[in-house]
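Chemist: This is the structure I want to talk about, given as structure tokens.
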């Protein structure tokens, strides 16, 4: 049994797969970011409360002591800086913060490579430009997944995909771009190479659950089980949709929305609308990201739910969401209203997708969708396909792509340790269900 846990924007989710890659147990914990001193953050104590709650829920179904490997993924980017004693120097700054405009713009110009506002390096450089007092004390900085993994294993590493949201990756070496590191050092008098987490390729040794890590989890899991390299939610989405080879792509639509297309070759130039990140195996991916998605739809559905309750009606929340999504396909006033909301939720993807498809002529036949936007029968798929001008297909794992994908990576970590199987062969095995 293999456990994947993902720290999403609104839920911490865990899924356990068996040797046939079937879901045999799952658990979830609701959490949310808070605005503290002008920054969006999460209380790191809640990381452990939530992770324990997820494992406790899973333990109602299976014997969690029999789990053979574990993997952690999380919302990508953001900023967690630590001093040499492992003390967090400023509260976790999430991907949602947009205070890094000056830093991101300057770095993009210096690197001739798009650095988005939410990337970890943009947060570090902005803190440097703002002369924040703790910057001189930073010993390392990492992502949320990197922090959880470090705490469980004692190893300060990231999977190559999550690392690509920290600092640009050299596609040839599959490590941080050394020329850009030197440029950054010249700008800041820092030694960035000493601050960055190490990079571990998919399936390789990323450490094992320590006694200290197991204690944080109530000693529910077995000390010594291997952990997969920690990854970002973009990469687990690629895994869960099997969009890992050139000309394949996926779109994740939940609290935020982003499309990912694996590139056959580099783009002709860099664009502020397009991020270049990596698959878990290190191939370059064109990513188009928008901070808002279902967060633009949910308040309206909650409003309708409150209206029903005020006239003494009762409705199941999940049924309400599915019904109002599906009504967007009907030619009625309510249908037109809901379709407008579904379009508004994803319209920010269109400029970047138009560049990729029409200007750069990137080849992709369809995008595989996953996330809450697709939980209803067909509305999300049809509306997105019409809006972006590209076919959208769904898999059975569409609603819970992230933790499922991380569980697959955890399984590969175990298989690779035991059998040394190539990742592409392993993925074929996964999607054959045997």
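Chemist: In the set 308, 301, which member is surrounded by 10 or more Cβ atoms within 10 Å (Cβ to Cβ), over 19 Å from residue 377 (Cα atoms), in the same structural domain as residue 254 (by TED's automatic domain parsing) and out of contact with any strand residue (DSSP E or B) (no Cβ under 9 Å at 6 or more places or on another chain)?
Modeler: 308
Chemist: Right, here's the next one. Restricting attention to region 137-152, does a residue exist that is in a loop (DSSP other than H, G, I, E, B), farther than 24 Å from residue 94 by Cβ and in the same structural domain as residue 110 (by TED's automatic domain parsing)?
Modeler: Taking every residue of region 137-152 in turn, none turns out to be in a loop (DSSP other than H, G, I, E, B), farther than 24 Å from residue 94 by Cβ and in the same structural domain as residue 110 (by TED's automatic domain parsing).
Chemist: Restricting attention to region 357-380, which residues are assigned to a helix (DSSP H, G or I) and surrounded by 21 or more Cβ atoms within 10 Å (Cβ to Cβ)?
Modeler: Result: 372, 373, 374, 379, 380.
Chemist: OK, next. So in region 392-425, with the set limited to residues that are in contact with a helix residue (DSSP H, G or I) (Cβ under 8 Å, 6 or more places away or on another chain) and modelled with pLDDT of 95 or more, which one is surrounded by the most Cβ atoms within 10 Å (Cβ to Cβ)?
Modeler: Only one residue fits best here, namely 406.
Chemist: While we're looking at this one, here's another question. Does region 10-38 hold any residues that are crowded, with 21+ Cβ neighbours inside 10 Å and in contact (Cβ under 8 Å) with a residue 40 or more places away in the chain, and which are they?
Modeler: Hits for region 10-38 are 12, 13, 14, 15, 16, 17.
Chemist: Under the condition of being surrounded by 15 or more Cβ atoms within 10 Å (Cβ to Cβ) and touching a helix residue (DSSP H, G or I) at 6+ places or on another chain (Cβ under 6 Å), which residue from region 189-200 is nearest to residue 127 (Cα to Cα)?
Modeler: Top of the filtered list is 192.
Chemist: Specify the residue that is farthest from residue 237 (Cα to Cα); the eligible residues are those in region 1-30 that are within 16 Å of the chain's Cα centre (by Cα) and not in a strand (DSSP E or B).
Modeler: 10
Chemist: Quick check on region 105-113. Is at least one of its residues touching a residue at least 40 places away in the same chain (Cβ under 8 Å), on the phi > 0 side of the Ramachandran plot and outside any strand (DSSP E or B)?
Modeler: yes
The values are calculated or read from the model by the stated rules, or taken from the named source; none is laboratory data. Being a predicted model, the structure only gives us computed values, none of them experimental. Because the Cβ atoms are built from the backbone with ideal geometry, glycine has one as well, and the counts that use them run over all protein chains shown.
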